[in-house]
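Undergrad: For reference, the structure I am asking about is given below.
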């Protein structure tokens, strides 16, 4: 199973045009955008990222929905671990 994470393009790195600075839930990192050469992203665009590569451009609504879903998965996992800890047999 592959997991794509949405991120927003902040800037294209001029000295390395295949890289863009991308904001992913408040964390900024350089992402390779070379796979999107047919429709290059620009600052403000949202992309779907997998292992450091932009796979496709997505719209903001799709990005927000994906982020909410991923946050929900994380919370569900944390809730399950908490429930397991509370129900431990001594």
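The values are calculated or read from the model by the stated rules, or taken from the named source; none is laboratory data. Worth saying up front: this structure is predicted, and the values here are computed from it rather than measured. Neighbour counts run over all protein chains shown; Cβ positions are idealised from the backbone, glycine included.
Undergrad: Pairs only if they're at least six apart or on different chains, beta carbon under 8 angstrom, first in the range 50-72 and within 23 Å of residue 30 (Cβ to Cβ), second assigned to a helix (DSSP H, G or I) and modelled with pLDDT of 95 or more; list them, first residue then second.
TA: 53/34; 53/35; 54/35; 54/36; 55/35; 56/36; 57/36
Undergrad: For residues that are under 12 Å from the mean Cα position of the chain (by Cα) and either exposed (fewer than 12 other Cβ atoms within 10 Å of the Cβ) or farther than 11 Å from residue 47 by Cα (or both), tally how many sit in the range 58-77.
TA: 8
Undergrad: Let me ask you something else. Answer yes if at least one residue in the range 40-49 is in contact (Cβ under 8 Å) with a residue 24 or more places away in the chain, surrounded by 10 or more Cβ atoms within 10 Å (Cβ to Cβ), more than 17 Å from residue 14 (Cα to Cα) and out of contact with any strand residue (DSSP E or B) (no Cβ under 6 Å at 6 or more places or on another chain), and no otherwise.
TA: Checked the range 40-49: no residue is in contact (Cβ under 8 Å) with a residue 24 or more places away in the chain, surrounded by 10 or more Cβ atoms within 10 Å (Cβ to Cβ), more than 17 Å from residue 14 (Cα to Cα) and out of contact with any strand residue (DSSP E or B) (no Cβ under 6 Å at 6 or more places or on another chain).
Undergrad: Look at residue 85 and say whether it is loosely packed, with under 10 Cβ neighbours inside 10 Å and part of a helix (DSSP H, G or I).
TA: yes
Undergrad: Can you say whether residue 23 is under 13 Å from the mean Cα position of the chain (by Cα) and either touching a residue at least 12 places away in the same chain (Cβ under 8 Å) or not in a helix (DSSP H, G or I) (or both), as far as the supplied structure shows?
TA: yes
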